[in-house]
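Before any comments, here is the structure.
The values are calculated or read from the model by the stated rules, or taken from the named source; none is laboratory data. These numbers were taken from a predicted model, which means no experiment stands behind them. Don't worry about glycine lacking a Cβ; one is built from the backbone with ideal geometry, like all the others, and counts go over all protein chains shown. SASA here: full protein model, heavy atoms, side chains in, ligands and nucleic acids out. Shrake-Rupley method; radii C 1.70, N 1.55, O 1.52, S 1.80 Å.
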Amino acid sequence: MDDEMMRRDAADDKMITEAYDRLIDSYMHSCHRKKVDIIAKAYNFARQAHKGVRRLSGEPYIMHPIAVAQIVSEEIGLGSTSICSALLHDVVEDTEYTVEDIENMFGPKVAQIVDGLTKISGGIFGEQASAQAENFKKLLLTMSEDIRVILIKIADRLHNMRTLESQPANKQYKIAGETLYLYAPLAHRLGLYRIKSELENLSFRFEHPEEYAAIQRRLEETKISRQESFDQFTKPIEKALEDMGLKYQIKQRVKTPYSIWSKMQNKHVTFDEIYDILAARIIFTPSSREAEANECFDIYVALTKIYRSHPDRIRDWVNHPKANGYQALHVTLMSKQGHWIEVQIRSERMNEIAEQGLAAHWKYKEGMESHEDMEFQEDDGELNQWLLTIKEILDDPQPDAMDFLDAIKLNLFASEIFVFTPKGEIKTMPTGCTVLDFAFSIHTFLGSHCIGAKVNHKLVPLSHQLNSGDQVEILTSKSQHVQPAWINFAHTAKAKAKVQAQLKRAQREVQKKGETMFMEWLAAKGFEPTQSNIDQLTSFHSCENRDALFLAIGDKKVILGEKDEDELKGKNKKGDGAGGGWRKYVPFVKAKKQEEEKQPELFIVPEKFNRKKPIFINEENITQYIFPECCHPIPGDDALGYIDKQNRIEIHNRKCPVANKLKANYGNRLLDVKWDMHKLLFFNATIRLGGIDRRGMINDVTLIISNQLSVDIRGLAFTTKDGIFEGTIDLRVHDREDVKAIMDKLKKVDGLKEISQIM
């Protein structure tokens with residue numbers, strides 16, 4: 001046994017040393033100042049702190065910090081401060097060492113970053129916030145001081161996703177859902193496109209393993225034909241670039257399984273109907289930094305002489321970089337095989353920024369030394385604006401977990417437009433933004449008092465949606481104030497947060513006024529301002545809580561009078577509570593009890609419930625679970641369970657939008673769900689159809705469903721316009737297998753072009 005342990009320890013030492021050597025090697029090949037001593041010190045300290053601890057996968061724990069540091073160095077391109085912080089990022093959380101110990105040994109900057117990466121123990125943001133939201137909020141608070149905190153956290157998340165197989169299923173859904181909802185958009189916003197794609201893909205693989213495997217299989221099957229298409233497409237391009245005397249490389253970019261799946265879901269198409277799986281990327285060495293923009297367009301002109309370009313799909317990110325620094329010229333060309341293929345034209349500098357995001361962007365700033373702490377003292381205006389917006393969201397005094405994460409999510413917009421001020425300055429805004437969003441992006445006062453705008457010299461309302469290239473002049477009035485209706489056309493996180501904050505402020509004032517009126521009324525009528533009396537009238541007026549009652553009184557929606565007096569007198573009478581004001585509640589309580597008796601008894605999660613084990617749903621216990629209206633999961637669907645605040649279990653489809661929010665907010669309440677059904681019960685399913693209209697089409701469809709497959713049709717809805725029809729069919733099925741069989745049969749109907757299932 002001792003020999004076995006010695007062999008294992010020797011193998012561990014070899015593995016750890018090799019991983020550390022790879023880290024140092026990648027750091028030595030970077031352009032950063034070579035501070036190997038401080039990295040070695042952090043490595044030895046972390047190795048000692050985590051000694052004897054193993055991950056769920058069985059490997060020594062220190063392998064995780066080394067792997068995170070490797071990603072930080074090699075894939076994000078950060079320097080010694082970040083590498084040290086990555087090596088130490090779990091020390092404070094998992095060992096006896098404190099942030100003060102880290103500061104004494106490695107200085108205040110490393111300590112600040114490590115503290116930002118350390119999870120909170122105990123709530124500090126109020127009862128409404130979940131633990132996940134609290135930790136994410138702390139991370140963002142520190143990030144707004146030093147952006148490296150979030151870059152290291154993204155590296156940490158990437159390694160956790162790469163090693164997620166060792167976790168139980170419910171933990172996988174939590175981590176994958178949180179990654180897709182928050183960390184992938186964050187990586188995108190910070191320009192880490194390759195990492196963003198990998199995070200999305202890994203999340204998809206763990207949440208929908210069968211669909212992931214099916215798309216991977218199809219990609220493998222089409223690999224040879226795709227390579228042939230790429231070679232045919234790029235051959236004349238290579239000749240043109242060589243004739244121009246350029247040093248270049250052309251890379252094949254294949255859409256990820258997640259990206260393909262998303263398009264299949266959103267566009268209701270099959271794998272075979274996605275034509276942009278393949279794209280090309282031209283990376284060239286410019287003759288000089290000043291010439292690279294012109295040379296991008298020279299390449300574009302050369303390409304359009306070979307292939308026809310799509311006029312609506314030219315994206316000039318060269319002259320108008322994205323907020324995260326991304327630059328490239330995108331053009332879509334028609335291949336000789338009749339397929340549209342996107343080509344991305346980038347210089348080597350642009351490509352490095354696209355791969356490494358912010359870190360590379362700062363590296364290329366003129367006059368900057370390649371020293372990490374200097375690089376991170378300066379921010380771009382757009383990034384500063386984004387960090388400022390996040391700070392404003394964090395300052396919200398009443399954070400609800402869902403609202404907070406939704407606001408952050410809103411701010412991680414992917415698509416951008418360019419809008420001009422009256423003086424011709426360019427502002428980057430999210431697609432779909434309105435005049436109100438633009439006003440708040442410039443100044444809170446401007447947004448609060450905005451009455452409309454002149455867009456391209458035409459008068460438009462607050463709700464008007466802006467387009468790229470619009471010139472916008474905001475019109476204001478001192479008498480204008482924030483209105484509740486504004487929340488409906490505030491699109492950006494900043495505008496929404498500002499509108500909600502001002503409405504809350506106004507609401508608090510009305511609420512305070514209502515509370516004063518209530519207390520004065522109680523005193524005038526001789527009642528004590530006890531919690532019991534307040535609760536009684538809150539219930540009497542069907543208000544959710546005491547604050548809602550005060551607000552209603554302040555708004556004059558509730559006028560206190562004789563009935564309220566009778567209610568309190570009835571309650572305060574001696575006896576068993578059957579007299580006075582209680583009488584009216586008795587029939588209601590009885591009716592409610594009778595109603596509850598008719599309902600099936602729901603399963604209540606006991607205190608010592610093993611959340612790591614899956615729950616199995618069968619014909620006997622299916623009525624013990626709640627199936628919400630948001631997604632209608634049926635047997636065969638990828639599903640998960642969520643333990644609600646009453647300890648009941650809701651069953652959600654894993655791709656349901658509500659489930660996505662739950663994964664990001666309440667991961668500790670998630671359960672793995674397995675179906676154990678035997679085609680005894682029926683469930684509702686809806687199929688969407690579309691295609692070329694012809695006589696007898698509906699008849700052919702219904703004959704296949706009713707006669708050939710013996711499936712009950714609950715409802716039909718079809719519309720036709722200009723020879724094209726679309727519609728839905730509501731069916732009664734046993735499971736997802738039935739739906740697939742129906743869809744496979746319907747694909748053979750002449751003229752049916754689109755078939756998809758509605759969640």
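Summary table below
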| item | result |
| --- | --- |
| Inter-site label distance for GLU96 and GLU607 at 7 Å from Cα along Cβ, in nm | 3.2 |
| Amide H partners (placed H, <5 Å) of LYS753, local residues excluded | GLY690, GLY691, ILE692 |
| Amide proton proximity set for GLU416, modelled H, under 5 Å, gap of 5+ | THR431 |
| Distance violations [Cα-Cα > 18 Å] among LYS109/LYS409; LYS171/LYS612; LYS153/LYS427 | LYS109/LYS409; LYS153/LYS427 |
| Accessible area (Å², 1.4 Å probe, nearest 10) - VAL455 | 10 |
| Förster radius 41 Å - calculated FRET efficiency between THR530 and LYS391 (Cβ-Cβ, nearest 0.05) | 0.50 |
| When each of LYS263/LYS322; LYS498/LYS663; LYS391/LYS504; LYS458/LYS556 is checked by Cα-Cα distance, pairs over 29 Å | LYS458/LYS556 |
| Fraction of accessible area attributable to carbon and sulfur, the chain (%, probe 1.4 Å) | 50 |
| Theoretical ellipticity at 222 nm over the chain - DSSP helices of four or more residues, -39500 (n - 2.57) apiece, nearest 500 | -14500 deg cm²/dmol |
| 31 Å Cα-Cα threshold exceeded, pairs from LYS137/LYS655; LYS196/LYS247; LYS41/LYS174 | LYS41/LYS174 |
| Under the Karplus curve 6.51 cos²θ - 1.76 cosθ + 1.60, θ = phi - 60°, whole-Hz ³J(HN,Hα) for the range 641-654, x wherever Gly or Pro sits | x, 10, 7, 7, 5, 9, 6, 8, 10, 9, 10, 10, 5, 5 |
| Average Cα contact separation per residue, the chain, under 8 Å, 6 or more apart, as relative contact order % | 10 |
| Length added when fully stretched, ASN467-ARG253, from 0.36 nm per residue minus Cα-Cα | 74.1 nm |
| Computed over the range 227-355: relative contact order in percent, which uses C-alpha pairs under 8 Å that are six or more apart | 26 |
| Whole-angstrom Cα spans of the chain along principal axes, big to small | 97, 81, 80 |
| Long-range amide H partners of ILE451 with built H, under 5 Å | LEU475, THR476, SER477 |
| Separation in nanometres of the label points that stand 7 Å from Cα toward Cβ, at HIS457 and LEU709 | 5.9 |
| Surface per residue (accessible, 1.4 Å probe) for the chain, Å² | 51 |
| Per-residue ³J(HN,Hα) for the range 169-181, Karplus 6.51 cos²θ - 1.76 cosθ + 1.60, θ = phi - 60°, Hz, x for Gly and Pro | 4, 5, 6, 4, 5, 4, 5, 5, x, 5, 5, 5, 7 |
| Surface accessible to a 1.4 Å probe, TYR61 within the full protein complex, Å² | 40 |
| Over the range 441-579, relative contact order from alpha-carbon pairs under 8 Å, at least 6 apart, % | 18 |
| Computed Rg/Rh of the range 24-143, alpha carbon atoms with Kirkwood Rh | 0.99 |
| Set of aspartates and glutamates near LYS753 by C-alpha distance (under 13 Å), chain-local residues within fewer than 8 positions excluded | ASP272, GLU273, ASP693, GLU726, ASP744 |
| HN-Hα J in Hz across the range 321-335 - Karplus 6.51, -1.76, 1.60, θ = phi - 60°, x for Gly and Pro | x, 5, 4, 8, x, 4, 10, 4, 10, 9, 9, 10, 10, 8, 6 |
| Shape call, the range 613-759: gyration tensor on alpha carbons, a/c limit 1.5 | prolate |
| Cα shape, the range 271-351, gyration tensor, a/c 1.5 rule | prolate |
| Added length on full extension, which subtracts the Cα-Cα distance from 0.36 nm per residue, ALA291 to SER57 | 79.2 nm |
| Additional length obtainable on full extension of the chain from LYS267 to ASP676, 0.36 nm per residue less Cα span | 144.1 nm |
| Separation of the ARG194 and THR431 label points, Cα + 7 Å toward Cβ, nm | 2.5 |
